[in-house]
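Q: Before anything else, here's the structure in question.
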Amino acid sequence: QVQLQESGPGLVKPSQTLSLTCTVSGASTSSDNYYWSWIRQPAGKGLEWIGRIYTSGSANYNPSLDSRTALSVDTSKNQFSLKMTSVTAADTAVYYCAREHTSGYALNWGQGTLVIVSS
Amino acid sequence: DIQMTQSPSTLSASIGDRVTITCRASQSISARLAWYQQKPGKAPDLLIYGTSNLERGVPSRFRGSGSETEFTLTISSLQPDDFATYFCQQYKTYPETFGQGTKVEIK
């Protein structure tokens with residue numbers, strides 16, 4: 001059974017960097033059959049795709065967030081991570097990590113972690 | 001970005017009703033469309049991918065159809081467990097984009 005678990009600070013100050021890690025069990029981030037992605041959801045709103053990373057380290061980003069976002073993967077720990085710089089209140093959301101089929105749909109999701117941007 | 005528009009935003013229905021949700025893409029996405037179900041406080045669950053392929057374990061009362069720019073999710077006989085919010089997603093091009101969601105409520 002594939003499980004993903006997000007971890008990281010729940011409160012980040014404006015202009016600082018948001019850092020989250022997703023730990024994967026039941027699947028390997030070394031697999032070349034999947035992407036590892038991040039998706040966020042502001043309270044009461046829809047879903048926004050942030051980006052995805054492949055086991056090789058190759059990544060795709062949402063152009064609206066590209067300049068502030070960096071993904072990485074650590075296959076030795078079976079984890080992948082998100083860093084988002086210069087955050088504002090608009091970045092307050094539940095952040096999900098997900099395992100994505102190489103076609104692009106999300107097969108498995110983490111439970112989500114709420115990140116609040118506030119001083 | 002490809003814009004995905006769902007209708008209706010909210011739908012009130014009774015147990016046993018047939019329910020249809022529509023998703024329209026701003027340009028052709030071929031069959032690269034997925035549907036997800038989300039319950040309050042939970043992550044979305046994949047229901048359908050490739051427009052009409054049921055994910056393993058999803059009940060057969062869920063059916064997806066459509067092509068190019070217009071797609072539908074049909075629940076043939078609404079069950080208590082189906083009251084939730086449903087999202088469509090295109091994965092033809094990135095950034096992958098989602099519809100705004102359709103909340104299915106108890107009538």
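Q: To the nearest 20 debye, what charge dipole does segment B:33-80 have about its Cα centre, counting +1 at the Cβ of each Lys and Arg and -1 at the Cβ of each Asp and Glu?
A: 260 debye
Q: Given a 1.4 Å probe and no ligands, DNA or RNA in the count, how much accessible surface is buried by B and A, both sides, to the nearest 100 Å²?
A: Details: alone 5830 and 5990 Å², together 10250 Å².
About 1600 Å² of accessible surface is lost on pairing.
Q: Tell me the relative contact order for chain A as a rounded percent, counting alpha carbon contacts under 8 Å between residues six or more apart.
A: Taking the mean separation of contacting Cα pairs over the length of chain A, I get 36 percent.
Q: Report, for the protein assembly as shown, the % of DSSP beta bridges that are antiparallel, rounded to 5.
A: Details: 70 of 76 bridges.
Antiparallel bridges: around 90 percent, rounded to the nearest 5.
Q: I'd like the accessible area for residue B:21, computed on protein heavy atoms only with a 1.4 Å probe and all protein chains in place. Round to 10 Å², please.
A: 0 Å²
Q: How far is it, in nm, from the label point at residue B:24 to the one at residue A:16 when both lie 7 Å from their Cα along the line to the Cβ?
A: It is 4.5 nm.
Q: Okay, moving on. Taking a probe of 1.4 angstrom, what is the accessible area of residue B:61 in Å², to the nearest 10?
A: Its accessible surface works out to 60 Å², give or take rounding.
Q: What shape does segment B:1-41 take by its C-alpha gyration tensor, where a ≥ b ≥ c are the square roots of the eigenvalues and a/c under 1.5 counts as rounded, a/b above b/c as prolate, and the rest as oblate?
A: Prolate, because a/c is 1.5 or more and a/b exceeds b/c.
Q: For segment A:11-75 and segment B:4-52, compute the distance between their C-alpha centroids and round to whole Å.
A: Each part's Cα centre sits 23 Å from the other's.
Q: Follow-up question, since we're still on this one. Could you point to the residue in B:47, A:62, A:115 farthest towards the positive end of the protein assembly as shown's charge dipole, with +1 and -1 charges on the Cβ of Lys/Arg and Asp/Glu respectively?
A: The residue sitting farthest along the positive end of the dipole is A:115.
Q: May I pose another question? Kindly report, to the nearest 10 Å², the accessible surface of residue A:47 as traced by a 1.4 Å probe over protein heavy atoms only.
A: Per-residue accessible area (residue A:47): approximately 20 Å².
Q: How much of the pair distance distribution for chain B lies past 20 Å, counting alpha-carbon pairs only, in percent?
A: 32 percent
Q: Dipole of segment A:2-119, Cα-centred, from +1 at each Lys and Arg C-beta and -1 at each Asp and Glu C-beta, to the nearest 20 debye?
A: 180 debye
Q: While we're here: Per the Cauchy relation, a quarter of the hull surface: what is the mean projected area of the convex hull of the alpha carbons in segment A:47-116, in nm²?
A: 5.1 nm²
Q: How much of the pair distance distribution for chain A lies past 19 Å, counting alpha-carbon pairs only, in percent? Walk me through the numbers on the way to the answer.
A: Numbers: 2784 of 7021 pairs.
When all Cα pairs of chain A are counted, 40 percent exceed 19 Å.
Q: Just to compare against my own numbers: the Cα pair-distance distribution for the protein assembly as shown, 5 Å bins, whole % per bin, please.
A: 1, 7, 15, 18, 19, 16, 12, 7, 3, 1, 0
Q: Got a sec? Charge dipole of chain B, +1 on Cβ for Lys and Arg, -1 for Asp and Glu; which of B:34, B:101, B:16 is way out at the positive end?
A: B:16
Q: Of A:105, A:5, A:53, which is farthest towards the positive pole of chain A's charge dipole, taken about the Cα centre with +1 and -1 on the beta-carbons of Lys, Arg and Asp, Glu respectively?
A: Of the options given, the answer is A:5.
The values are calculated or read from the model by the stated rules, or taken from the named source; none is laboratory data. These figures come from a predicted structure and were not determined experimentally. So basically every Cβ, Gly included, is an ideal-geometry build from the backbone, and we count neighbours across all protein chains shown. Each accessible area value is taken on the protein alone, full model and side chains, heavy atoms only, with ligands, DNA and RNA left out. Shrake-Rupley method; radii C 1.70, N 1.55, O 1.52, S 1.80 Å.
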